[in-house]
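Contents: one structure, followed by commentary.
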Amino acid sequence: MNTDLTGRLLIALPSIGDSRFSRSVILLCAHSPDFAMGIVLNKPMDGIRLPELFEQLDVETELGVPDTCVLDGGPVSTERGFVIHTDDVISEGATLEIDGALCMTATRDILLMIGSSAAPRKSVLALGYSGWGAGQLEEELAANAWLVGDPDDNIVFGDEYDLKWQQALGRMGVDSGRLQVDGGSA
């Protein structure tokens with residue numbers, strides 16, 4: 001049985017076993033029996049801000065771009081940009097609709113839109129993504145490496161990166177201070 005988790009959050013538990021994903025909050029952008037892909041929402045890259053990235057990529061803008069962090073979206077295709085944004089901007093043939101309110105676009109078109117009056121209401125740019133092969137995510141879920149939750153604007157677009165993990169857990173009624181790696185014994 002496959003449950004489509006597209007549009008949901010993966011919240012890393014202490015038992016994740018992979019330091020790259022410790023305390024990560026990931027928005028799943030696509031999920032099928034064959035693969036899953038998502039963007040880490042709470043790991044800003046050191047020293048890279050959006051205006052600098054636009055300058056490095058020689059993206060012309062008609063308006064200034066927000067001075068926000070660029071996120072480390074995950075260990076796959078780290079040289080490629082992925083923009084999570086509101087559904088008020090669609091790049092025909094290039095935008096993946098994640099759910100009723102969120103989209104992802106990974107083309108230069110979205111960068112040009114961000115620097116213009118046609119910018120989405122909210123957006124966040126990540127370099128790289130997190131990916132899983134057939135059945136891999138389901139195995140990790142069965143091993144209690146992740147909790148699955150629902151996103152909100154603050155977790156997706158907010159800038160309190162150090163708090164997103166606790167906030168995502170808190171939305172589910174989980175106190176991060178009570179989580180432990182190993183189970184008890186009787």
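The values are calculated or read from the model by the stated rules, or taken from the named source; none is laboratory data. Quick caveat, the model's predicted, so the values are computed rather than measured. With ideal geometry, Cβ positions are generated from the backbone for all residues, glycine too; neighbour counts draw on all protein chains shown. When the accessible area is computed, the model is the full protein with side chains, heavy atoms only, and any ligands, DNA or RNA have been set aside. Shrake-Rupley method; radii C 1.70, N 1.55, O 1.52, S 1.80 Å.
For residue 3, the solvent-accessible surface with a 1.4 Å probe is about 70 Å², rounded to the nearest 10.
The Rg/Rh ratio of region 96-185, with Rg taken over Cα atoms and Rh as the Kirkwood radius over Cα pairs, comes to 1.04.
With a ≥ b ≥ c the root eigenvalues of the C-alpha gyration tensor of region 60-138, is it rounded (a/c under 1.5), prolate (a/b larger than b/c) or oblate? It is prolate, given that a/c is not under 1.5 and a/b is the larger ratio.
Rolling a 1.4 angstrom probe over the protein heavy atoms with all chains in place gives the chain an accessible area of 52 Å² per residue. For residue 71, nonlocal amide neighbours, meaning residues 5 or more places apart or on other chains whose placed amide H falls under 5 Å from its own, are 45, 125, 126, 127. Using a probe of 1.4 Å, the accessible surface attributed to residue 16 totals some 30 Å² when neighbouring protein chains are kept in position.
Taking one quarter of the surface of the C-alpha convex hull of the chain gives a mean projected area of 11.6 nm².
What is region 9-51 by shape, rounded, prolate or oblate, if you read a ≥ b ≥ c off the alpha carbon gyration tensor as root eigenvalues and call it rounded for a/c under 1.5, prolate for a/b larger than b/c, and oblate otherwise? Because a/c hits 1.5 or more and a/b fails to exceed b/c, region 9-51 counts as oblate. Within the accessible surface of the chain, defined with a 1.4 Å probe on protein heavy atoms only, the carbon and sulfur portion equals 47 percent. Remark on region 1-78: Rg and Dmax equal 15.5, 49 Å (Cα only).
In plain terms, the bigger the Kirkwood radius, the slower the diffusion; for region 71-111, with that radius from Cα pairs, at 37 °C and 0.692 mPa s, Stokes-Einstein puts D at 305 µm²/s. Scanning the chain for GluC sites (Glu not before Pro) lying in DSSP loops with no more than 12 further Cβ atoms inside 10 Å, the longest uninterrupted stretch between such sites is 93-159. Across 156, 65, the residue with the most accessible area heads the list, and the full order at a 1.4 Å probe is 65, 156.
Run the numbers on the chain and let me know its relative contact order in percent, using alpha-carbon pairs under 8 Å that are six or more apart. Over the chain, the number comes to 28 percent.
Residue-wise HN-Hα couplings along region 146-155, as the Karplus relation 6.51 cos²θ - 1.76 cosθ + 1.60 with θ = phi - 60° gives them from phi, are 9, 9, 10, x, 9, x, 9, 4, 5, 6 Hz; Gly and Pro carry x. Sorted largest first by accessible area at a 1.4 angstrom probe radius, with every protein chain in place, the residues 99, 34 fall in the order 34, 99.
Taking all protein chains as they are arranged and a probe of 1.4 Å, the heavy atoms of residue 8 leave approximately 80 Å² accessible to solvent.
The listed residues 50, 96 rank as 96, 50 when sorted by accessible area, largest first, using a 1.4 Å probe.
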